[in-house]
Amino acid sequence: MRDRYARMLDLAVEVMDADDPERVWSLLTEELLTALDATLVVGKEEPWTRERGRVELRSYGAGAEALPDESVRRRIREGYPFAGHYGGHGDRIPQSAARIAGGRVWRHSATADALRRAFGTRHTLGIPFPGAGPHVSGFMVHRPGGDFSVHDVRYATRVQPLLKAAANHRSLLNALREASGGDRSRRANQSLAAPLTPRELNVLHLLATGLPADSMARRLGISPRTVHKHLHALYRKLGAADRLDAVLRAQSAGLLAGGGEPGARPFPDR
């Protein structure tokens, strides 16, 4: 237990230094597969409905995989029994499908049957991201052997905040790529005398949206004090005097597309 949690802490450092969204997801899912003796991970970054929402599967040494047919996609989107449990009760404690629904009920459910036929798995562990509300995001980890143990659940509970922070980091990397033009932005960053780190680039992106430091901290899963440290570092690297100057210099250097989010105003921080 201690070893695999320590490994996840080391991994968190590597994840937060990553500047490729795909690399973030690969690191996370391969660690979950190893730590939980699993064969398949389903990533759930956004609230799903039965009709819509990306269904992303990952196994050892593979990128995102396609689901075999629509019936399996529908079963996974329905999220039985996790959607009703987490959405209805509001708790976010990781739990296996068999413990939520009852072992016999789960074994004879249409969802368990579909997963068994499609992937050869028998048990599923839900690891939701911390939060509240009826819509749940996170991971579902699948394996063919016995049900997940108490120690597995404890591990999953301890790493929840790390998974959430990594997911936020990946989301910001994707947004930054979209806002700044991807390869062009990376080239512009590398041309700086002191390139911005991935986390400083995330802070820069949020800076351009006009968010105050407290809101940035909540979005990134870090303290406001750490946000201010990143702000001072990127001001120094960009030669900027304040928020507005930093955003304008970043746009001029090609690190940001003009203007950030619609209506955003990078006013001086409070």
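The values are calculated or read from the model by the stated rules, or taken from the named source; none is laboratory data. Everything numeric in this text was worked out from a predicted model, so none of it was measured. Cβ sites come from the backbone with ideal geometry, for glycine too, and all protein chains shown count toward neighbours. Just so you know, the surface numbers come from the protein's heavy atoms only, side chains and all, with ligands and any DNA or RNA stripped out. Shrake-Rupley method; radii C 1.70, N 1.55, O 1.52, S 1.80 Å.
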Being surrounded by fewer than 19 Cβ atoms within 10 Å (Cβ to Cβ) and in contact (Cβ under 8 Å) with a residue 60 or more places away in the chain is the filter here; which residues of region 1-10 pass it? Met1, Arg4, Tyr5, Leu9
Odd one out for His232, checked against (1) farther than 16 Å from Asp17 by Cβ; (2) open to solvent by 40 Å² or more (accessible area, probe 1.4 Å); (3) modelled with pLDDT under 90: (3)
Within region 224-242, can one find any residue that is in contact with a Pro (Cβ under 6 Å, 6 or more places away or on another chain) and not aromatic (Phe, Trp, Tyr)? yes
Every residue in region 54-68 that is assigned to a loop (DSSP other than H, G, I, E, B), in contact with a helix residue (DSSP H, G or I) (Cβ under 8 Å, 6 or more places away or on another chain) and at pLDDT 70 or above, please. Val55, Ser59, Tyr60
Among (1) assigned to a loop (DSSP other than H, G, I, E, B); (2) at pLDDT below 85; (3) among the charged types (D, E, K, R), where does Arg23 come up short? (1)
Give region 101-123 a look and list any residue that's of a type outside the set (Phe, Trp, Tyr) and in contact (Cβ under 8 Å) with a residue 40 or more places away in the chain, or say none. Gly103, Ala114, Leu115, Ala118, Gly120, Thr121
Sole exception among (1) at pLDDT 90 or above; (2) open to solvent by less than 50 Å² (accessible area, probe 1.4 Å); (3) on the phi < 0 side of the Ramachandran plot; (4) more than 18 Å from the chain's Cα centre (by Cα) for His85, by number: (1)
Note on Lys164: of the conditions (1) within 24 Å of Pro224 (Cβ to Cβ); (2) at pLDDT 80 or above; (3) surrounded by fewer than 18 Cβ atoms within 10 Å (Cβ to Cβ), unmet is (3)
Go through Gly103, Gly133, Gly145, Gly120 for me and flag whichever is surrounded by fewer than 21 Cβ atoms within 10 Å (Cβ to Cβ) and modelled with pLDDT of 95 or more. Gly103
Identify the residue in region 235-270 that is modelled with pLDDT of 90 or more and outside any helix (DSSP H, G or I) and, among all such residues, is most open to solvent (accessible area, probe 1.4 Å). Ala241
Mind checking which residues of region 69-82 are in contact (Cβ under 8 Å) with a residue 12 or more places away in the chain, open to solvent by 30 Å² or more (accessible area, probe 1.4 Å) and either of a type in the set (Gly, Ala, Ser) or in a helix (DSSP H, G or I) (or both)? Ser71, Arg73, Arg74, Arg75, Arg77, Glu78
In region 195-231, which residue that is of a type in the set (A, V, I, L, M), free of Cβ contacts under 8 Å to residues at least 40 places away in the same chain and assigned to a helix (DSSP H, G or I) is nearest to Leu163 (Cα to Cα)? Ala217
